[in-house]
Amino acid sequence: MRTVTLLAIGLIALVPSLGRTDDSLVRFKGGIGVDSVSSAPGPAPVAATVNRNIVRTVQPAGQLWTIADFKAEVKADGRIDADGRGLVFAGGNTVGTAVVVTSTGGTATLNVFATLICENVAPFVERDTKPVPLEANGDFRIHDVLTPWPPASCNTPVLLIRNAGNRNWFAAGILKFDGED
């Protein structure tokens, strides 16, 4: 009996996935809204050059955005659950809302999707969800599977919330490390 127990413990130690109760690949808690400019070097008071806030080849939105609350979890099998609150314009005529004014003066609903990028050097692989509607107050929920699936290891993850129309990014998740609440 003791030999069987030791063998079982040894097998579990050799195959970590059998002993894991948590199949999370990465987690995010909190979010950062986009600022389309990452820097503007040059002499004051007017910079001659503006560097766009491009994240792993993904272009930023043209206007400032903010996000009040965000959390997401990506499982090893590619399933993702993301919950965003208050993803709204942080400038312009529609500040404080997620309402887009059309060229005819009407309004349009935006659709957003999540992209996970695990690589920190090119080539970058964009692992996307299907789009979901962004409510007028900026709330959204994503329950989907990333395509393509993420790799077994994702050591330098970036999770972007993007516009389904032009594919620009609005917000990024803040990585939650193991042991953090």
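The values are calculated or read from the model by the stated rules, or taken from the named source; none is laboratory data. What you see is a predicted model, and the numbers here were worked out from it, not measured in a lab. Quick reminder, even Gly has a Cβ in these numbers, built from the backbone with ideal geometry, and neighbours come from all protein chains shown.
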Please go through region 1-41 and pick out each residue that is surrounded by 11 or more Cβ atoms within 10 Å (Cβ to Cβ), at pLDDT below 75 and not in a helix (DSSP H, G or I).
Arg20
Are there any pairs with C-beta distances below 7 angstrom linking a residue in region 161-177 that is part of a strand (DSSP E or B) to a residue that is of a type in the set (Ser, Thr, Tyr), with the two at least 6 apart or on different chains, and if so which?
Arg162/Thr115
With the checklist (1) touching a Cys at 6+ places or on another chain (Cβ under 6 Å); (2) not in a strand (DSSP E or B) in hand, flag the one item Thr49 doesn't pass.
(1)
Of all residues in region 157-175, how many are surrounded by fewer than 19 Cβ atoms within 10 Å (Cβ to Cβ) and either modelled with pLDDT under 95 or among the small types (Gly, Ala, Ser) (or both)?
2
The strands (runs of 3 or more DSSP E) lying entirely within region 56-128 that contain at least 1 residues which are among the aromatic types (Phe, Trp, Tyr) and free of Cβ contacts under 8 Å to residues at least 60 places away in the same chain are 111-117
